[in-house]
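Student: Please read through the structure below; I'll follow up with questions.
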Amino acid sequence: MKKVTILLPAYNEEASFPLISQKMSRVVEENPSYEWEFLLVNDGSTDNTLQQMIRLHRQDPRYNYIDLSRNYGKEVAMMAGFDYATGDALIIMDADMQHPIDVIPDMLRYWEEGYDDVYAQRQGSKESWLKRKTSRWYYRILQKMTTVPIQKDTGDFRLLDRSCVEALKQMRETERNTKGMYSWIGFRKKGISYFQEERQAGSSKWSFMSLINLALNGITSYTTAPLRMASILGLLVSAVAFFYLIYIIVVTNIFGEPVPGYPTIMVTMLFLGGIQLLSLGIIGEYLGRVFNEVKGRPGYFVNSFNGEKTHEAGHRIDIPA
């Protein structure tokens, strides 16, 4: 019997656990031909999320939980899940249960047909108009800027074959954008559509700045296009400045008109200064990520696995049978 792991990273999601238990029980009942593992990752929660995980683990041994030493963010929490998952396939879902379990049978069917990465594409949701539009714009920009094909309207909700999980486990960078990693590793992919359900408990933990940081990580992790754009912009500004210099010389020496005064100089200086600061900012984003990676620090530390203390850092420990 094949084993399937459902990975559920959670940060301050104690209110969602009754729904998690209910939904996962349905998954088992509706898909009895598979052995199931539910892997919960506590990403440094400050509420009773860990206590809820402990309760589920004691009630049902199919629930395993990882307690990270602090809040590392969802990307690193998923990396820990990849390290500890034992299934032949891995399904990633949000702990708020906005991802519908009704599409899981389709994921399993396509997996059995030979697809390694069955990703779910969001067709609609009850999020705000602005959030939906900015998400679409982001994916369009990312698709145009990178040579890696990025699936649009696609997040972490997907089924990954063990071969994909093993590939992702080898990618140990801490400045992570897993959505791009899924595309970068390749393998045979299949998209299915779903409608995102409304959150029934708790509140979203994604602030505006968190989303901006995630977007910047996506762009700087998979393309150097911003650096190239800064170079092109600098070249264009230099060309315009050169031709403007010729214009001033011609106008002054031939037609005898005065050189433009203080306002023109100030506007030109401010414009060029802005271009320079923008270019330095782009370089700084890339340099900052290089700085973080060359330290070689582990991606995360685990406080405990199923209540047992561990001193392992950033990689999977041997789990007793």
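The values are calculated or read from the model by the stated rules, or taken from the named source; none is laboratory data. What you see is a predicted model; the values in this text were computed from it and never measured. Note that we place each Cβ from the backbone using ideal geometry, even for glycine, and neighbour counts take in every protein chain shown. We work out accessible area using only protein heavy atoms, side chains counted, and drop any ligands, DNA or RNA first. Shrake-Rupley method; radii C 1.70, N 1.55, O 1.52, S 1.80 Å.
Student: Which residue pairs have Cβ atoms under 6 Å apart, sit 6 or more places apart or on different chains, and have a first residue in the range 178-206 that is part of a strand (DSSP E or B) and open to solvent by less than 50 Å² (accessible area, probe 1.4 Å) and a second that is of a type in the set (S, T, N, Q) and at pLDDT 65 or above?
Tutor: Short answer, once both residue conditions are applied: 191/121.
Student: Determine the pairs where a residue that is under 17 Å from residue 303 (Cα atoms), located within the range 77-100, has a partner that is acidic (Asp, Glu) and not in a loop (DSSP other than H, G, I, E, B) with Cβ atoms under 7 Å apart, the partner being 6 or more residues away or on another chain.
Tutor: If the second residue must be acidic (Asp, Glu) and not in a loop (DSSP other than H, G, I, E, B), the pairs left are 78/156.
Student: A further question follows. Name, by its number, the condition in (1) surrounded by 14 or more Cβ atoms within 10 Å (Cβ to Cβ); (2) more than 17 Å from residue 308 (Cα to Cα); (3) in contact with a Phe, Trp or Tyr (Cβ under 7 Å, 6 or more places away or on another chain) that does not hold for residue 2.
Tutor: (1) is the only condition that residue 2 fails.
Student: I'm trying to understand the selection: among the residues of the range 149-162, which are surrounded by fewer than 19 Cβ atoms within 10 Å (Cβ to Cβ) and at pLDDT 90 or above?
Tutor: The answer is 162, and nothing else.
Student: Mind checking whether some residue in the range 41-56 is among the basic types (Lys, Arg), open to solvent by 10 Å² or more (accessible area, probe 1.4 Å) and more than 17 Å from residue 301 (Cβ to Cβ)?
Tutor: yes
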